[in-house]
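Engineer: Sending over a structure as structure tokens; questions will come in a sec.
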Amino acid sequence: MNYYEALCYNCKKIFRVYEGSLTYKQFKERSNRIFCCEDCSHKIRMDAIKNFFR
Ligand SMILES: [Zn+2]
């Protein structure tokens, strides 16, 4: 399986972006220059939900 290694802007860790995912497509097309790992995107989403209900 093909993958790219990307740097998470949030935790500064290298994570793998596997073929078939949206991030992989963005990475390949360079349409997005900021990437975050699954852990962080999950955390960010949860924080956003928490802020929304505050
Ligand atoms: Zn991260």
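Engineer: Give the angle, between 0 and 90 degrees and rounded to the nearest 10, that separates the Cα long axis of helix 38-52 from the longest principal axis of the Cα atoms of the chain.
Structural biologist: 30 degrees
Engineer: Give me Rg/Rg_expected for the range 3-54, where Rg uses Cα atoms only and Rg_expected = 2.2 N^0.38 Å with N residues.
Structural biologist: 1.24
Engineer: Identify unpaired cysteines across the chain, taking unpaired to mean no other cysteine Cβ lies under 4.7 Å from the residue's Cβ.
Structural biologist: Cysteines of the chain left without a disulfide-compatible partner: Cys11.
Engineer: Which one of Tyr4, Tyr18, Cys40 is farthest out on the positive end of the charge dipole of the chain, using unit charges on Cβ (Lys, Arg +1; Asp, Glu -1) and the Cα centre as origin?
Structural biologist: Sorting the options by dipole projection puts first Cys40.
No value in this document is a laboratory result; all are computed from the given coordinates. It should be emphasised that the depicted structure is a prediction, and the values quoted were computed from it without experimental measurement. Neighbour counts are summed over all protein chains in view; Cβ atoms, including those assigned to glycine, are modelled from backbone coordinates with ideal geometry.
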